[in-house]
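Enquirer: Before we start, here is the structure in question, set down as structure tokens.
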Amino acid sequence: MRHSNIESPPRPALLITVDTEGNDLWSRPKAISTENARFLPRFQALCEKYALKPTWLVNYEMAECPAFVEFARVVLERGAGEIGMHLHAWNTPPLAPLTDDDLHCQPYLTEYAEAIMRDKIGFLTDLLEDRFQRKMLSHRAGRWGFNAVYARLLVEHGYVVDCSVTPHISWTEYLGDPNGAGGPDFTHFPEQPYFVDLDQIDRPGDSPLLEVPVSVIETRHARFDARIKSTPKWLRWITRRMWPPILSMIPRDNGRNRRQMRAILRHAVEHRRPCVMLATHSSELMPGASPFFPTARSIERLYGRLETLFSSAAKQFRGMTLSEFRKEFGD
């Protein structure tokens, strides 16, 4: 029997990304707590059990949190994960008020002048690199607020991989500045990784910045959903629960979402996708620190579902950090 010299393609990567930020920012608190830092070792341990390597995308208050800094330094020393940047414009120095109450409005970084954007990116990059003695390479925008100016500034500061894009999802209804246009519209952005065109970030180009979108895929119900856009919101909510137009790799406290995430894993294997990206928040790993997991029981359900998901994925996926994936993808 003759053996082929052609190597089989590597298993796809499972990228675990955690927006690492203060407690329950959905409630727009005046004072931000970082208590969820105490709950992160459990998630790290679960990832490591299945050879997964989370990328902790860190914002300002968590970079100033001693408990998180201590935890993250140990993760880095063991090579068990990565630290990247996650920038919330409303409380990242240098402060430059954009609205009457930035803590409440939570404006997007893209709503500030370019010079202020540059200063905030530079400040947080320097802070993170000083805290962790690592070059910052990976990034996700706060509130998903990303545009071409932002992309160019990331390249200017040495970032090589971004994960701000949520394909098929528009954030324009979610205002930052009350007088602004809301968040970005990623409806027609690619589902798969691509090097960004810095003039038009929804298409491939020749920049060094790799965009790795959160895993969001369309279903066969997407066309039907598009046809009922003019129907009342309550009716669309019901139909979307029954016939979801998209599936996302964002854990929520329900069995339906568990099935969605497993379907995305199957889809990636069947279509030979290079990776799947799961996205969550550090505050979603603590009871009552987010609206999605309000109780200890809901957190236990989350971990039970993640255990099932990770154990299944470990058979067909490899654990990698964002920058590790970028290095391999760009070779």
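Please treat every number below as a calculation from the coordinates, not as lab data. Keep in mind that this is a model prediction, so the values were computed, not measured. Glycine gets a Cβ as well: all are built from the backbone with ideal geometry, and neighbour counts include every protein chain shown.
Enquirer: Taking springs between alpha-carbon atoms closer than 10 angstrom, which of A296, A13, A31 fluctuates most in the Gaussian network model of the chain?
Expert: Evaluated over the chain, the most mobile residue of the options is A31.
Enquirer: Can you pull the one-decimal nm distance between simple spin-label points at A181 and D126, each 7 Å off the Cα toward Cβ?
Expert: Computed distance between label sites A181 and D126 equals 3.2 nm.
Enquirer: Further question on the same structure: Need one number: % antiparallel among DSSP beta bridges in the chain, to the nearest 5.
Expert: Counting DSSP beta bridges with both partners in the chain, the antiparallel share is about 25 percent.
Enquirer: Picking from S282, S311, S27, which is most flexible by a Gaussian network model of the chain using Cα springs under 10 Å?
Expert: Of S282, S311, S27, the Gaussian network model singles out S27 as fluctuating most.
Enquirer: Let me ask another. Report the extension gain between E328 and H267 in nm, rounded to one decimal, defined as 0.36 nm multiplied by the number of residues separating them, less their alpha carbon distance. If you can, show how the numbers build up before the last one.
Expert: Working: separation 61, 0.36 × 61 = 21.96 nm, distance 2.17 nm.
Full-extension gain reported as 19.8 nm.
Enquirer: If I model a spin label at Q192 and E218 as a point 7 Å from the Cα along the Cα→Cβ vector, what separation in nanometres do I get?
Expert: Computed distance between label sites Q192 and E218 equals 1.6 nm.
Enquirer: Express the C-alpha Rg of region 56-115 as a ratio against the empirical globular expectation 2.2 N^0.38 Å, rounded to two decimals.
Expert: On the way: Rg = 14.3 Å, N = 60, 2.2 N^0.38 = 10.4 Å.
So region 56-115 has a normalised radius of gyration of 1.37.
Enquirer: Which residue fluctuates most in the GNM of the chain (Cα springs below 10 Å): R259, R78, R42?
Expert: Ranking R259, R78, R42 by mean-square fluctuation puts R78 first.
Enquirer: May I ask for the distance between the Cα centers of region 52-125 and region 258-296, given as a whole number of Å?
Expert: With region 52-125 and region 258-296 each reduced to a Cα centre, they are spaced 22 Å.
Enquirer: With an 8 Å cut-off on Cα pairs and a minimum separation of 6 or more residues, tell me the relative contact order of the chain in percent.
Expert: 22 percent
Enquirer: At 0.36 nm per residue, and after removing the present C-alpha to C-alpha distance, how many nm does the segment from R78 to L103 gain when stretched out fully? If you can, show how the numbers build up before the last one.
Expert: Working: separation 25, 0.36 × 25 = 9.00 nm, distance 3.59 nm.
Taking R78 through L103 to full extension adds about 5.4 nm, to one decimal.
Enquirer: Oh, and also: Would you work out which of L15, M117, C65 lies farthest towards the positive end of the dipole of the chain? Charges go on Cβ: Lys and Arg +1, Asp and Glu -1.
Expert: L15
Enquirer: A further question follows. For region 245-292, report the translational diffusion coefficient in µm²/s to the nearest whole number, using Stokes-Einstein at 20 °C, 1.002 mPa s, and a Kirkwood Rh over Cα pairs.
Expert: Answer from the Stokes-Einstein relation: 180 µm²/s.
Enquirer: Report, in deg cm²/dmol and to the nearest 500, the calculated mean residue ellipticity at 222 nm for the chain, where each DSSP H run with n ≥ 4 adds -39500 (n - 2.57) and the sum is divided by the residue count.
Expert: -10500 deg cm²/dmol
Enquirer: Okay, moving on. Just order 85-93, 193-201 by mean Cβ neighbour count inside 10 Å, highest at the front, would you? Could you put the intermediate results ahead of the total?
Expert: Working: 85-93: 22.9, 193-201: 18.3.
In descending order of packing, they fall as 85-93, 193-201.
Enquirer: If you don't mind, there's one more thing I want to ask. Please get the size of the charge dipole for region 41-192, origin at its Cα centre, with Cβ charges of +1 on Lys and Arg and -1 on Asp and Glu, quoted in debye to the nearest 20.
Expert: 700 debye
Enquirer: Return the long-range amide H neighbours of F195 (sequence gap of 5 or more, or a different chain), with a cut-off of under 5 Å between placed amide H atoms.
Expert: G205, E211
Enquirer: Once the piece of chain linking A113 and A31 is laid out straight, how much longer is it, given 0.36 nm per residue of separation minus the C-alpha distance between them?
Expert: Contour length minus Cα-Cα distance gives 26.9 nm.
Enquirer: Sketch the reach of a paramagnetic label on R11 as a point 7 Å from Cα along Cα-to-Cβ, and name the residues of region 50-75 whose backbone nitrogen lies under 11 Å away.
Expert: From region 50-75, the list is 50-52.
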